[in-house]
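Undergrad: Dropping the structure in here first, questions after.
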Amino acid sequence: KRFKLFDFMGGEIILRVFARRGSDVAISTASADTDARGVWGSLKVATASGDVSFDELSGDADVKSASGDIELRRVGGRASINSASGDVEIDEVAGEAVVRSASGDVEIGEARASVTVQTASGDQSVRSVTSGKVTLQSASGDQTVGIARGARAFLDVKTMSGDATSELDVGDDP
């Protein structure tokens with residue numbers, strides 16, 4: 001959306017791209033924010049620095065970011081997110097979600113399949129899981145998981161420094 005080129009000159013370039021609904025997207029940037037509105041197909045992003053925001057994806061999302069927040073509203077397929085620094089927010093994901101972050105909070109709204117979240121530092125939250133296995137691993141950060149009524153899910157929650165609590169009966173069987 002907006003990024004600065006030759007910052008010492010005070011310039012800014014805004015690039016707008018129009019594409020058909022459901023188009024697949026591949027983006028590679030060194031330093032730029034990406035803001036995409038509408039319905040897209042699959043997504044592949046590699047960025048060194050900059051925020052990434054997409055409204056809706058009908059396919060899979062594969063995002064790799066060194067620095068910047070990642071916000072995906074709806075993912076119709078799988079989500080694979082790798083971030084060195086920055087918060088990750090996914091409102092809804094239909095397929096398996098795997099999020100790895102060195103530093104930053106991870107929040108997933110509704111997950112309809114298995115979820116794996118690994119962070120060194122940052123809170124982890126999955127508001128609603130409808131099925132699958134939930135694996136949360138954190139060196140430092142609080143963890144919260146909500147299970148949809150009637151759902152069958154297996155939770156594997158580990159934190160070295162942070163709170164992990166459950167209102168469910170805890171056992172070893174899936």
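Undergrad: Out of all the residues in the stretch 84-95, is one or more open to solvent by less than 30 Å² (accessible area, probe 1.4 Å), more than 22 Å from Ser42 (Cβ to Cβ) and not polar (S, T, N, Q)?
TA: Checking the stretch 84-95: not a single residue is open to solvent by less than 30 Å² (accessible area, probe 1.4 Å), more than 22 Å from Ser42 (Cβ to Cβ) and not polar (S, T, N, Q).
Undergrad: Would you call Ala139 assigned to a loop (DSSP other than H, G, I, E, B) and within 19 Å of Leu155 (Cβ to Cβ)?
TA: Working: assigned to a loop (DSSP other than H, G, I, E, B): no; within 19 Å of Leu155 (Cβ to Cβ): yes.
For Ala139, the condition - assigned to a loop (DSSP other than H, G, I, E, B) and within 19 Å of Leu155 (Cβ to Cβ) - is not met.
Undergrad: Listed residues Ser131, Ser67; which is in a strand (DSSP E or B) and not aromatic (Phe, Trp, Tyr)?
TA: Ser131
Undergrad: OK, next. Only residues that are charged (D, E, K, R) and in a strand (DSSP E or B): list them for the stretch 26-52, please.
TA: Of everything in the stretch 26-52, those that are charged (D, E, K, R) and in a strand (DSSP E or B) turn out to be Asp35, Arg37, Lys44.
Undergrad: Additional query: Answer yes if at least one residue in the stretch 18-27 is modelled with pLDDT of 95 or more, acidic (Asp, Glu) and surrounded by 18 or more Cβ atoms within 10 Å (Cβ to Cβ), and no otherwise.
TA: no
Undergrad: Condition first: touching a residue at least 24 places away in the same chain (Cβ under 8 Å), open to solvent by 60 Å² or more (accessible area, probe 1.4 Å) and closer than 24 Å to Asp91 by Cβ. Can you find one or more residues in the stretch 38-47 that meet it?
TA: Within the stretch 38-47 (the criterion being touching a residue at least 24 places away in the same chain (Cβ under 8 Å), open to solvent by 60 Å² or more (accessible area, probe 1.4 Å) and closer than 24 Å to Asp91 by Cβ), the answer is no, since none of the residues qualifies.
Undergrad: Given (1) farther than 21 Å from Arg149 by Cα; (2) open to solvent by less than 30 Å² (accessible area, probe 1.4 Å); (3) of a type in the set (A, V, I, L, M, F, W, C), where does Ala111 come up short, assuming only one miss?
TA: If we test Ala111 against (1) farther than 21 Å from Arg149 by Cα; (2) open to solvent by less than 30 Å² (accessible area, probe 1.4 Å); (3) of a type in the set (A, V, I, L, M, F, W, C), just (1) comes out false.
Undergrad: Being of a type in the set (Gly, Ala, Ser), crowded, with 18+ Cβ neighbours inside 10 Å and under 23 Å from Ala46 (Cα atoms) is the requirement here; does Ala102 meet it? Steps first, please.
TA: On the way: of a type in the set (Gly, Ala, Ser): yes; crowded, with 18+ Cβ neighbours inside 10 Å: no; under 23 Å from Ala46 (Cα atoms): yes.
Considered against the rule, which asks whether it is of a type in the set (Gly, Ala, Ser), crowded, with 18+ Cβ neighbours inside 10 Å and under 23 Å from Ala46 (Cα atoms), Ala102 comes out as no.
Undergrad: Looking at Leu15 and the list (1) closer than 27 Å to Gly122 by Cβ; (2) among the aliphatic types (A, V, I, L, M); (3) modelled with pLDDT under 95, which single condition is not satisfied?
TA: Failed condition: (1).
The values are calculated or read from the model by the stated rules, or taken from the named source; none is laboratory data. Here the structure is a predicted model, which is why all the values come from computation and not from measurement. As a convention, Cβ positions derive from the backbone with ideal geometry for all residues, glycine included, and neighbour counts pool all protein chains shown. For accessibility, only protein heavy atoms count, side chains too; no ligands or nucleic acids. Shrake-Rupley method; radii C 1.70, N 1.55, O 1.52, S 1.80 Å.
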